[in-house]
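One structure is given below, encoded as structure tokens.
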Amino acid sequence: PVTNGRITGLAAGGKYLTGTTATLTAVPAAGYVFTGWTGGASGTTNPLAVTVEADAAIGATFVRQYTVTLSAATNGSITGLATGGKYLTGTTATLTAEPAAGYAFTGWTGGASGTANPLAVTVEADAAIGATFVRQYTVTLSAATNGSISGLAAGGKYLTGTTATLTAVPAAGYVFTGWTGSASGTTNPLAVTVTADATIGATFVRQYTVTLSAVTN
């Protein structure tokens, strides 16, 4: 007896002359897949041709199969899905989110969550998985003379609408006098809402000290 499927092709009464062939076919129920023969047969060949030389009891194993589908992704894609999105229960689907140029992956949606990439999902039910990609811009710093600019994110990459906080740090004997390029003013630190690629610099000017000698009367 088999569960979640059936075996077809058995001769009437299961009777075979010695040396003849029994051709059996494992037929899984809807939502299941055949994974192998048991008892007097082994392997996964289906249909199975058995040369009968003794009495035999043959069974088949059927395992629940689920379907993982990918939601349409905008500004990127998802790779790694098995053929047809079919996975045996308990197996792992490994998916990778690949952003288009100028975009960044920010998280999984639907039947998955978080930002791990690649993503390893243990499949225990049908699932629809998507990914979110957000426009990303680059902030670059102009070479600064007599000072430096700190606070730039790794690679100068910022998601659209996020804030770059930059600090102008003058060298000894110099003073910061203003931002250049895509920023202006003298606010320091500077908070820039990033909505486009930008190049930002800073001006540092030599500063001197005038001291007064002690005076009498």
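Residues that are at pLDDT below 95 and open to solvent by 50 Å² or more (accessible area, probe 1.4 Å): which strands (runs of 3 or more DSSP E) entirely in region 1-50 hold 1 or more of them?
none
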Task: The lone exception for ALA72 - which of (1) surrounded by 15 or more Cβ atoms within 10 Å (Cβ to Cβ); (2) in a loop (DSSP other than H, G, I, E, B) it fails - done: (1)
TODO: Please go through region 97-154 and pick out each residue that is free of Cβ contacts under 8 Å to residues at least 24 places away in the same chain, closer than 17 Å to ALA72 by Cβ and open to solvent by 40 Å² or more (accessible area, probe 1.4 Å).
DONE: GLU98
- [ ] Scan region 80-98 and give yes if some residue there is within 20 Å of TYR158 (Cβ to Cβ) and part of a loop (DSSP other than H, G, I, E, B), otherwise no.
- [x] no
TODO: Go through region 51-69 residue by residue and tally those that are under 30 Å from GLY110 (Cα atoms), crowded, with 17+ Cβ neighbours inside 10 Å and polar (S, T, N, Q).
DONE: 1
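The values are calculated or read from the model by the stated rules, or taken from the named source; none is laboratory data. The model shown is predicted, which means the values in this text are computed figures rather than measured ones. Positions of Cβ are backbone-derived with ideal geometry, glycine not excepted, and every protein chain shown enters the neighbour counts. SASA here: full protein model, heavy atoms, side chains in, ligands and nucleic acids out. Shrake-Rupley method; radii C 1.70, N 1.55, O 1.52, S 1.80 Å.
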